[in-house]
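Read-outs throughout are calculated quantities, based only on the coordinates presented, and are distinct from any laboratory measurement. Quick caveat, the model's predicted, so the values are computed rather than measured. Note: ideal-geometry Cβ built from the backbone for every residue, glycine included; neighbour counts use all protein chains shown.
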Amino acid sequence: MLSRIAESLFWIGRYVERADDTARILDVHTQRLVEDPWIDERRACANLLALMGSPVPDDEADTERVLATLAFDRTSPSSIVGALSSARENARGAREVLSAEIWESLNVTHNALPQQRTMARRYGPHSLFRFVRERSAMVFGLADSTMSRDESWLFLILGRSLERVDMTARIISTRVLAGDAAPSWTLVLRSTGAYEPYLRTYRGVVDSSRAAEFLLLDRLFPRSVFAALEQAEACLAELERSPVRDAARIGVAGEAHRIVGRARTMLEFMATPELLGQLPARLEELQRTCSLASAAVTNRFFTEQAPQVWVPEGVA
Amino acid sequence: MADLFDGYPLGEQWDEMFGEAGGPRPPYTGLHTSLQPMAGEELSARADLLSQTYRDAGVTFAHAGEEQPFPLDIVPRVIGAEEWSLIERGVAQRVHALEAFLADVYGAGQVFADGVVPRGVVTTSAHFHRQAHGLVPPNGVRVHVSGIDLVRDEAGDFRVLEDNLRSPSGVSYVITNRAAMSQVLPELFADHRIQPVADYPSRLLAALKASAPPNVADPTVVVLTPGVYNSAYFEHALLARQMGVELVEGRDLVCAGNQVSMRTTDGQRRVDVIYRRIDDEFLDPVHFRPDSVIGCAGLLNAARAGRVTIANAVGNGVADDKLLYTWVPDLVRYYLAEEPLLANADTYRLDERDTVEWVLESLDELVLKPVDGSGGKGIVIGPRADEKTLAELAVKVRARPRDWIAQKPIGLSTCPTLIGGRIAPRHVDLRPFAINDGEQVWVLPGGLTRVALPEGELVVNSSQGGGSKDTWVLSPPRPAADLEPESPDLTRIEFTTADLADEPPSPDPGPANDNALAQSQQQQQSKDPAPLSPRGLGPSLWAGPAAGGDGRVRRGGQPC
């Protein structure tokens, strides 16, 4: 498969997952602002913006700003609208390998964004978040049912998994780092869609260490950091599978695989109290893992030289 | 009930649907009968559905830098079987002649020696590339894909307006138009026998594979696109997808030691045939524009070394030059010793003083076309131009007569088109697409009908705001003798006495894999009782134990 196409697929996976997760986070955030009578809106918004990588001074942060930056900013790929547009742009360049249905669903999503935006202005943003969640589910659902499990699928899922690790780590950080303006664990669980699975798993009260444990370590819940890392690792193992050579006898073949594997084993084999004891450091490490792994994947699979310019020899 | 075609004005031009008597022409009778009782609103509603389909599927055309849905009119254009047969033969004839001409231009040059075409016409063409001289493609084909633009004049005859031998675009819309129309107006399709267009990609792939360098067992074909910002990107992607080949950009290709490869996740992979949709000038920075970043350096040398085939070949532009166009009928006679089946439009070359003077005097009655222009750019339609335009034109023509040809305006035929909820006549042309695989020239039945949507407008080009129509070529009625399928239909089980040998076997039974023998064995097989057809298996196997004997597969349900 062409490197350029592989890269597009990887990023489609990342962007769609990012739009989905951002929509979930913002949905919970806006609800919380409405429902919680004691909340300090500015602090909460500033915290959220800082965690999502676009910090603003405390006195400028408000809901309007959060939505403008994280939902509607067309130019930034970390907003919902921006991410979906980028995903669609990537799909446009990779149209011959994506199934027609996936392309169409991304295209329809992109075409509906202006209208959703107007609706969100008029009736509140919830409808937009719901729309984005549904559309991302549709994209991945179609991928699941119409794509062969070949390289294209592996790159798409690899992108999605790495993005998921990053986003889940960020969501946990909102709770851990924010101090008294922090959302409750219930909200954190809800913004990853993990609330109901958590309740069914632990039957009852939300308790901080158990919630963190669930989001980080649960093997069965697909949005947990551990599960996402494991999936990314499986994709990488499959992508790098090559005939046994001497070089492949020690360790793993690729740098990306090594990075992801190390993060996974850290979670897997570190005792839970120890892990929770230094949670902020671990979360930061996980986010760094994601960007390192992404860079390594780019290096390994998508390396592409800068456009070549042919310079005729000068006649001096 | 309101008649959809009420008040449909007939002009001096040939109308595709209505004859002089006001009734529909024979190919259109079915369509007319189906559409007539429809209300304008209903047709408009379906047209909205049609454009929604296109928006969702992203069938777009980049116009002035913006991606827009490609306008598709809901009223199809119909071509009768006999008319089509003439177009088919005429287009193939033209492609053969131009193919021979190109081989001559980039080879021996016999056509110049024989004084049929002045050498100067070719050497002054901007699309004549000396770099391509002596570059003989593996199966001799240079024009793998061509689009010959036809219009119908006032008398109803098809005439060639121009040839496109470089990278004619629009075929993807032929395919998607058909698919979208059959969703929106399925009942029309049920009433007509329309020749399918969906096998174009497989024909193209076969032709491209046939043109691969020799000694390549399973050639790798790629489509080379300038990128997502190209106006025809949609088409490039569609063709690549439907052929199941990679769609590459220049930066995906690398050429080393005369071998072209593409960069993949598994390292570099050899490429044998490049169906390029990039203009010659940008194709190879070594030979052409050195600042091109969308091409691949070294491509032309690799082609010359016989390691890769470039389709369409480099330098084809010399044969679709608008000046050379005036010689094409002569070329048909010269190379094929046949009379051209499709006439040119009446065209004047500005190569003699007298003609130039005459043209300059009658600019307001002629259509002036720049010879290197494409996409309808720079065309001046004399009868519609204002004084200022004509004066400017006269200066340009006087300065460089080689750059222009003059044509008598053709009253392009009109076709009923849905405009603002009403049916109105609009001018149309037709671009049939032809594929040359080296053995034969195949013409896609239908082609792209482009329609000029503004009233009275004659330029139909999509880059000038034109739309398109689904183009139906009706199948000829099958002759009675032809009713039996040519290949034995194995799904049909028939056994007649004619299959029994009424004579004792002849002494020599022939080779064991003799066709007749195999066939008779298949007949024997099918004669066996209780064939394993699903119906024959009976309810017990298919329905499972709980089927209750009605022979249907029951769908499992959860107990409530």
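Order the peptides A:214-227, A:276-289 from the highest to the lowest mean number of other Cβ atoms within 10 Å of their residues.
Per-residue mean Cβ counts within 10 Å order the peptides as A:214-227, A:276-289.
Give the total of Lys-Lys pairs in the protein assembly as shown with Cα-Cα distances below 12 Å; include a pair only if its members are 8 or more places apart or on different chains.
Details: B:Lys322/B:Lys369; B:Lys369/B:Lys377; B:Lys369/B:Lys396; B:Lys369/B:Lys408.
For the protein assembly as shown, qualifying lysine pairs total 4.
So what's Rg/Rh here for the protein assembly as shown, counting alpha carbon atoms and using the Kirkwood radius for Rh?
For the protein assembly as shown, the value is 1.03.
What average number of partner chain Cβ atoms lie no more than 10 Å from the Cβ of the residues making up B:263-269?
So the per-residue partner count for this stretch is 5.
What's the extension gain from B:Ile419 to B:Gln52 if we count 0.36 nm per residue and subtract their Cα-Cα distance? Before the final figure, lay out each step's value.
On the way: separation 367, 0.36 × 367 = 132.12 nm, distance 1.69 nm.
Result for the pair: 130.4 nm of gain on full extension.
In peptide A:90-96, how many Cβ atoms from other protein chains are near each Cβ within 10 Å, on average? Don't jump to the answer; show the numbers that get you there.
Numbers: counts 1, 1, 8, 7, 3, 10, 14.
Across A:90-96, the average partner-chain Cβ count within 10 Å equals 6.
Of the chymotrypsin sites (Phe, Trp or Tyr not before Pro) in the range A:1-61, which ones lie in a loop per DSSP and count no more than 13 other C-beta atoms within 10 Å?
In loop regions of the range A:1-61 (DSSP not H, G, I, E or B), the sparsely surrounded chymotrypsin sites (Phe, Trp or Tyr not before Pro) are A:Trp38.
Can you sort B:Tyr28, B:Tyr8 so the residue with the fewest Cβ neighbours within 10 Å comes first?
Listed from fewest to most nearby Cβ atoms, that is B:Tyr8, B:Tyr28.
Residue separation times 0.36 nm, minus the C-alpha to C-alpha distance between B:Asp218 and B:Gln110: what's the value?
35.3 nm
In whole Å, what are the Cα extents of chain A along the three principal axes, biggest one first?
72, 50, 48
What does the structure give for B:240-252 when I average, per residue, the other chain Cβ atoms found within 10 Å of the residue Cβ?
Mean inter-chain Cβ contacts per residue within 10 Å come to 4.
Can you check what the net charge comes to around B:Pro27, using other residues whose Cβ is under 10 Å from the Cβ of B:Pro27 (Lys, Arg +1; Asp, Glu -1)? Don't skip to the end; give the middle numbers.
Numbers: positive: B:Arg25, B:Arg77; negative: B:Glu16, B:Glu82, B:Glu83.
The answer is -1.
At 222 nm, what helix-only mean residue ellipticity would the protein assembly as shown give, in deg cm²/dmol to the nearest 500, using -39500 (n - 2.57) for each DSSP H run of four or more?
-13500 deg cm²/dmol
Using the 10 angstrom Cβ neighbour count as an exposure proxy, how do A:Trp103, B:Trp358, A:Trp153, B:Trp327 rank, fewest first?
So the ranking, lowest neighbour count to highest, is B:Trp358, A:Trp153, B:Trp327, A:Trp103.
Give the Rg/Rh ratio for the range B:346-409, taking Rg as the radius of gyration of the Cα atoms and Rh as the Kirkwood radius, to two decimals.
0.91
Among B:248-254, B:311-317, B:17-23, how do they line up from the highest to the lowest mean number of other beta-carbon atoms within 10 Å?
So the order, starting with the most tightly packed, is B:311-317, B:248-254, B:17-23.
Quick one: which residues, 5+ away or cross-chain, put their amide H under 5 Å from the amide H of B:Val260? H built at 1.01 Å from N.
Those lying under 5 Å, H to H, from B:Val260 are B:Val271.
Once you keep just the Cα pairs under 8 angstrom separated by 6 or more residues, what percentage relative contact order results for chain A?
Reported as a whole number, the value is 22 percent.
Sorted from fewest to most neighbouring beta carbons within 10 Å, what does the list A:Phe155, B:Phe288, B:Phe5 look like?
B:Phe5, B:Phe288, A:Phe155
Mind listing the long-range amide H neighbours of B:Phe61? Cut-off is under 5 Å, sequence gap 5 or more, other chains count too, H placed in the peptide plane at 1.01 Å from N.
B:Gln68, B:Phe70
When the dipole is taken about the Cα centre of the protein assembly as shown, and only Lys, Arg (+1) and Asp, Glu (-1) are charged at their Cβ, what size is it in debye, to the nearest 20?
Result for the protein assembly as shown is approximately 2840 debye, rounded to the nearest 20.
Taking 8 Å as the Cα distance limit and 6 or more residues as the minimum spacing, I'd like the relative contact order of the range B:346-409 as a percentage.
Once normalised by length, the contact order is 51 percent.
Enumerate the amide H contacts of B:Thr417 below 5 Å, restricted to partners 5 or more residues apart or on another chain; note that Pro and chain-start residues carry no placed amide H.
Placed amide hydrogens put B:Ala424, B:Arg426 under 5 Å from B:Thr417.
Which residues does a label at A:Asp40 reach in the range A:59-103, if reach means a backbone N under 19 Å from a point 7 Å past the Cα toward the Cβ?
Answer for the range A:59-103: A:59-66.
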